[in-house]
Amino acid sequence: MGNADSKLHFRKAVIQLTTKTRPVEATDDAFWDQFWADTSTTVQDVFALVPAAEIRAVREESPSNLATLCYKAVERLVQGADSGCPSDKERQIVLNCTRLLTRILPYIFEDADWRGFFWSTVPGAGRAGRLDDDGDDDEARPLAESLLLAVSDLLFCPDFTVQSHKKNNPDTAEDIQSIDSCEYIWEAGVGFAQSPLLNYVHDLNRMELLKLLLTCFSEAMYLPPSPESKSLNPWVTFFCSAENRHALPLFTSLLNVVCAYDPVGYGIPYNHLLFSDHREQLVEQALQILIVTLEHDGGSAASAALQALNTSAAEEEQEPAGPDNLFVNYLSRIHREEDLSFILKGLARLLNNPLVQTYLPRSTKRIQCHQELLILFWKFCDFNKKFLFYVLKSSDVLEMLVPILFYLNDARADQSRVGLMHIGVFILLLLSGERNFGVRLNKPYTLRVPMDIPVFTGTHADLLVVIFHKIITSGHQRLQPLFDCLLTIIVNISPYLKSLSMVSANKLLHLLEAFSTPWFLFSTPQNHHLVFFLLEVFNNIIQYQFDGNCNLVYSIIRKRNVFHHLANLPSDPASIQKALQKKKKSGISRTSSIENESMEGSRPAAPAEPGTLKASLEATPGIDKITEKSQVSEDGTMVAVPHSDSPQAADSSAAAGASDTESNSEREPEVFHAESEAARSRLSSVSSAAAWSASPDWVLSWKTKLPLQTIMRLLQVLVPQVEKICIDKGLTDESEILKFLQHGTLVGLLPVPHPILIRKYQANAGTAMWFRTYMWGVIYLRNVDPPIWYDTDIRLFEIQRI
């Protein structure tokens, strides 16, 4: 009954606030205390009892009352942080104020006139002084700073959010202002060895405070996307600055809670059905706070982080090391092997959770935060090069690769998960820029994770090729802008692939067959780039890994007509018109050359349920904007390939006298510069393509640069030999031909090997903007209980129903 009474009192207070036309004095504690002192309302209650329309009404009609309410709630949090909340009553007041601010803040942010409110100091005799008792600042702190510092203090408040170190003596409460919060880190891991006892009340209190923090940071959702804007989120900037004395223990607490979490628990089947796991919700909140706070100022995140790692002479100049955002700074400095291992193992354990198969269906908990985990992994690789090298140093990288491929395959038909597809592909593009990634992929794939793909025996590289083929041939139309990225990844790894299976070799040939049909080549200005990428894959494997790749060589011989048709592609106006009239409805043929049975126990990738909500995304820049070409020199080091100043110059120099018989090595850089110069997102090209049509000059401009010479030479040498064996021995069995190809050699018969070109991911303003919208879209959709931002005027993205 008491709970119903307190809800009633709370609702009455809200009605009084909305109906009062005159300002209520800040000193009228009897009135303001109704909102937090005598109630015990849950966060769900607060959302139900404070309707959106009433918050907006107070904002418009009696703004001074809304201002005072926010100010008084922050004041109570500051008092709680100062006193250390020794009593249950004080803890309840802190939680009530936290919930109320979480409810109100989005309505402050959605109104441009109010956005500066928290960054102003509150006028009035002595009131600002009460928020800032230090007395050493002439200026009172802005409300936002007082709020963030109070929440940070409260996150290390003994007996409220952390275990007290005092032994059973309630009279001597620890002084919250003097405790060293580094001794109260929430979980063992990076920089902290003891694992504190689990206390679910502390976890629940941390979650409430983290939810308020996330709401503070969410001001970013109410600003429209603009790639030029390098402005950082002021809430995040202050929270992660040296002004926050808890920055280091907060960062390590959040990171350790995430990376130490084991959803399977003690291995008891169905344990997640027997008791609720508050730690999982805390992990999700911690993850979301981490990905939001790890923001950097424009440009390449890696370059900012690398300043912190540079051990060169520059260090002697005593420059401040690394970025001002202390979370980014700390992350970029993690370097001990055991710390890097702890982080990688933790992320891999969580990402692999949905893949863990047991004999009892649904007996282990399936976590849902894989998108946030992928964003965090991305930020780690981008900000901390030592982490990236550690990931690639051993086969541990495959522990990350398999779940990413699983998610890509699972989401390929679901329009509400386009963002997940992009982040997975971006991570693989980043990894594929490093030689070690290609080398690691040669490890045999022996796991049997049920996936909706053909059964094959081979390596992790085969798994990647088979899944990429599946995405291209049976994903939905909105994935077309990713085709360039998918093929770039295969190009980057191709020089290191020792032995492709017959299944994946056939998939690559099927893609070439589909992409080289005249109607597809002539239908948009960029489609021919896909053919260039695939030819580059075949050239790399033939030149650098011929010995182990008899399956691919055999597939090329079987499909030799595709290459002859490409070399003789007609370019006269009549042929172009005729080809375009044959144009099919879909962008690529949907039947595979060889379609095997799917794996046992797999479910087909399903489209989104009607009515599913999704957040809109920014367009991603073209592949030429997000990659930078590097040439691999003989000693294995990478040398950046300079960009030509003028695309026309590159085009004409590459075209002049370029023919199929010219050595690739002499013209490789220009060829691929020209090939990718016009590459733009296929989505954005749809509108311009309406006005564009293929012309003979345009076809010739790239047809003369097709790098077919190596493949033509291979066919010229091997086709007669294979035909002769078949006739002489009356062979019809492909295994005998494969045996012959396996022992064959093309040494001295092929052109001089071309230099290996790797396209390394390069951060830019466009991708930074894409990541920001994607990240906040995920956070918006994942926070439904309570629905913090639902039905507020979000400007960063649109919420759409499928």
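The values are calculated or read from the model by the stated rules, or taken from the named source; none is laboratory data. Model, not experiment: these values are computed from the prediction. Methodologically, a virtual Cβ is constructed for each residue, glycine included, from the backbone with ideal geometry; neighbour enumeration extends over all protein chains shown. When the accessible area is computed, the model is the full protein with side chains, heavy atoms only, and any ligands, DNA or RNA have been set aside. Shrake-Rupley method; radii C 1.70, N 1.55, O 1.52, S 1.80 Å.
Points 7 angstrom from Cα along the Cβ direction at residue 439 and residue 201: gap in nanometres?
5.5 nm
Choose one of 486, 531, 518: the residue whose Cα lies farthest towards the positive end of the charge dipole of the stretch 459-540 (beta-carbon charges +1 Lys, Arg; -1 Asp, Glu; about the Cα centre).
The residue sitting most towards the positive pole is 486.
Using θ = phi - 60° and the Karplus relation 6.51 cos²θ - 1.76 cosθ + 1.60, list the HN-Hα couplings for the stretch 326-336 in order, rounded to whole Hz, with x at every Gly or Pro.
5, 5, 5, 4, 5, 4, 5, 9, 4, 9, 5
Taking amide hydrogens as modeled 1.01 Å from N in the peptide plane, which residues meet the under 5 Å criterion relative to residue 627, leaving out close sequence neighbours?
Here the answer is 762, since their amide H atoms fall under 5 Å of that of residue 627.
What is the percent carbon and sulfur in the accessible area of the stretch 37-117, measuring with a 1.4 Å probe over the protein chains and ignoring ligands? Intermediate results must be reported in sequence, preceding the final value.
Details: 1360 of 2600 Å².
Exposed carbon and sulfur together represent 52 percent of the surface.
Amide H of residue 185: which non-local residues (sequence gap of 5 or more, or other chain) have their own amide H closer than 5 Å, using H built in the peptide plane?
The list, which skips near neighbours in sequence, is empty: none.
If packing is taken as the average number of other Cβ atoms within 10 Å across a peptide's residues, how do 487-497, 446-456 rank, most packed first?
Going from most to least packed, we get 487-497, 446-456.
Hey, got the dipole for the stretch 35-89? About the Cα centre, +1 on K and R Cβ, -1 on D and E Cβ, debye to the nearest 20?
Working: 5 positive and 8 negative charges, 17 e Å.
It comes to approximately 80 debye.
For the stretch 747-802, compute the orientation-averaged projected area of the C-alpha convex hull (one quarter of its surface), in nm². Write out the running numbers ahead of the final one.
Details: hull surface 33.4 nm².
Directional mean of the projected Cα hull area for the stretch 747-802 stands at 8.4 nm².
Which length gain, in nm to one decimal place, applies between residue 241 and residue 698 when the Cα-Cα distance is subtracted from 0.36 nm times their residue separation?
Details: separation 457, 0.36 × 457 = 164.52 nm, distance 5.42 nm.
Full extension from residue 241 to residue 698 adds 159.1 nm.
Jot down the per residue volume, in cubic angstrom and as a whole number, of the convex hull over the alpha-carbon atoms of the stretch 208-260.
Working: hull volume 5.6 nm³, N = 53.
Hull volume over Cα atoms, normalised by residue count, gives 106 Å³.
For an R0 of 60 angstrom, estimate the FRET efficiency from the Cβ-Cβ distance between residue 6 and residue 564 and round to the nearest 0.05. Kindly include the intermediate steps, with their values, before the conclusion.
Details: r = 82 Å, r/R0 = 1.36.
Efficiency, from the Cβ-Cβ distance: 0.15.
For residue 385 paired with residue 175, estimate the spin-label separation in nm (one decimal), with each label point 7 Å from Cα along the Cα-to-Cβ line.
About 4.6 nm, to one decimal.
Can you tell me how much longer the chain between residue 345 and residue 30 gets when fully stretched, taken as 0.36 nm per residue apart minus their C-alpha distance, in nm with one decimal? Mind dumping the intermediate values first?
Values: separation 315, 0.36 × 315 = 113.40 nm, distance 5.30 nm.
Additional length available on full extension: 108.1 nm.
Could you give the C-alpha radius of gyration of the stretch 14-57 expressed as a fraction of 2.2 N^0.38 Å, taking N as the number of residues it contains?
Details: Rg = 11.4 Å, N = 44, 2.2 N^0.38 = 9.3 Å.
Dividing the Cα Rg of the stretch 14-57 by 2.2 N^0.38 Å gives 1.23.
Suppose every K and R has +1 on its Cβ and every D and E has -1 on its Cβ; what is the size of the dipole of the stretch 731-802 about the Cα centre, in Debye to the nearest 20?
380 debye
Return the FRET efficiency for the residue pair residue 619, residue 262: r is the Cβ-Cβ distance, R0 is 45 Å, and the value is rounded to the nearest 0.05.
Values: r = 39 Å, r/R0 = 0.86.
Computed FRET efficiency for residue 619 and residue 262 comes out at 0.70.
Please compute the length gained on full extension between residue 640 and residue 790, using 0.36 nm multiplied by the number of residues separating them and subtracting their Cα-Cα distance. Don't skip to the end; give the middle numbers.
Values: separation 150, 0.36 × 150 = 54.00 nm, distance 4.68 nm.
Difference between extended and current length: 49.3 nm.
Given 84, 64, 49, which one lies farthest toward the positive end of the charge dipole of the stretch 1-99, if we put +1 on the Cβ of every Lys and Arg and -1 on the Cβ of every Asp and Glu?
It is 49.
Order these peptides, 67-78, 608-619, 241-252, by their mean beta-carbon neighbour count within 10 angstrom, highest first.
Numbers: 67-78: 22.5, 608-619: 14.7, 241-252: 18.8.
For the peptides 67-78, 608-619, 241-252, the packing ranking is 67-78, 241-252, 608-619.
Under a point spin-label approximation (7 Å from Cα along Cα-to-Cβ), what is the residue 54-residue 335 distance to one decimal in nm?
In this crude label model, residue 54 to residue 335 measures out at 5.6 nm.
Eigenvalues of the Cα gyration tensor times 5, then square-rooted: what semi-axes does that give for the stretch 467-512, in whole angstrom, largest first?
Value: 20, 13, 7 Å, ordered largest first.
Which FRET efficiency value, to the nearest 0.05, is calculated for residue 476 and residue 366 with the Förster distance at 30 angstrom and r the Cβ-Cβ distance? Show your work: numbers first, answer last.
Numbers: r = 24 Å, r/R0 = 0.81.
For R0 = 30 Å, the calculated efficiency reads 0.80.
Which of 345/629; 379/760; 20/72; 470/739 have a Cα-Cα distance over 20 Å? Could the numbers behind the result be given before it?
Details: 345/629 31 Å; 379/760 16 Å; 20/72 17 Å; 470/739 29 Å.
From the list (345/629; 379/760; 20/72; 470/739), the Cα-Cα distance tops 20 Å for 345/629; 470/739.
What residues have an amide H closer than 5 Å to that of residue 433, excluding those fewer than 5 places away on the same chain, when H is modeled at 1.01 Å from N in the peptide plane?
The answer is 761.
Where nothing but the Cβ of Lys and Arg (+1) and of Asp and Glu (-1) is charged, how large is the charge dipole of the stretch 376-429 around its Cα centre, in debye to the nearest 20?
On the way: 6 positive and 5 negative charges, 44 e Å.
For the stretch 376-429, the charge dipole is close to 220 debye.
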